[in-house]
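Worksheet: the structure to be examined is printed underneath.
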């Protein structure tokens, strides 16, 4: 079985209001060296297959169709056998 | 003319839409459960507001894969009238029937208040009875109404007259101050190129009767009926 750890964040070109609010809050706490915060989603998806390539393709498909919205979001994932 | 109001798990403006359409048009309305895959006999489909599937993952993302949505896409491609309100607009974006995406409101708050909408295009089936540049007072109630699209898409929307409503003041002036949620170009509602699919964040069904103190939204449902009558005759 393969496990995909998927990270989804708003694209760099898209303003992230939650990230801005967190940045401001961190600054208020004294963490002046924080330049930017992006808030995103983290998903762990188990795929029942022994074929790594197939799993990778499937996860990519899932991200493009449902898990991320390509208009505003970027995604990356790590795939590991479990 | 027959209207259909789609009901997803988590829709909560379906009954309001049902009532408003009936009161404004006196035409038959039916609820359409999201598992239906046949829209035969309907002339206009309304995707109501609410929190379909609890807004899990992303607003509208899961509802888009309800069985009824393939039928709605086919219905729209065949020229059928589709109106998405609030969560319904978000579902239309996710389904690709309208371009762009919704972000969290720029002030991170759930906004529930009256807004003024400048009718930027009164040539759509949904605004046909509006005067040019008419201003409607219609309430919004959303946490994710911050419309976004890429520069090229925005240019296309503007050039094709697809921006139907902008947030304005009561005189129709559009300024950064009148924009409640950070939407790009103060966009409150857009239609597709063909004009038969419209999505909007404000809720016309919540202000469609004098009894409720505001009947500005009524004109949209009356416009749909008028357009349909013109088409049939």
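The values are calculated or read from the model by the stated rules, or taken from the named source; none is laboratory data. Source: prediction; values computed, not measured. Here the Cβ is made from the backbone with ideal geometry for all residues, glycine too, and neighbour counts use every protein chain on show.
Quick notes on this one:
- Residues being within 12 Å of chain A (Cβ to nearest Cβ) and surrounded by fewer than 20 Cβ atoms within 10 Å (Cβ to Cβ) - total across segment B:101-122: 4
Residue-by-condition table, conditions (1) at pLDDT 95 or above; (2) crowded, with 18+ Cβ neighbours inside 10 Å; (3) more than 22 Å from residue B:197 (Cβ to Cβ):
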site	(1), (2), (3)
B:152	yes, no, no
B:158	yes, no, no
B:177	yes, no, yes
B:182	yes, yes, yes
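- Only one of the numbered conditions (1) in a strand (DSSP E or B); (2) closer than 18 Å to residue B:197 by Cβ is violated by residue B:30, and that is (2).
- Residue match in segment B:77-97 (condition: surrounded by 24 or more Cβ atoms within 10 Å (Cβ to Cβ), more than 14 Å from chain A (Cβ to nearest Cβ), over 14 Å from the mean Cα position of the chain (by Cα) and in contact (Cβ under 8 Å) with a residue 40 or more places away in the chain): no
- When segment A:45-82 is filtered for residues that are surrounded by 11 or more Cβ atoms within 10 Å (Cβ to Cβ), touching a residue at least 24 places away in the same chain (Cβ under 8 Å), assigned to a loop (DSSP other than H, G, I, E, B) and away from chain B (no Cβ under 12 Å), only A:49 remains.
- Per the listing B:62, B:73, the residue uniquely within 23 Å of residue B:16 (Cα to Cα) and surrounded by fewer than 24 Cβ atoms within 10 Å (Cβ to Cβ) is B:62.
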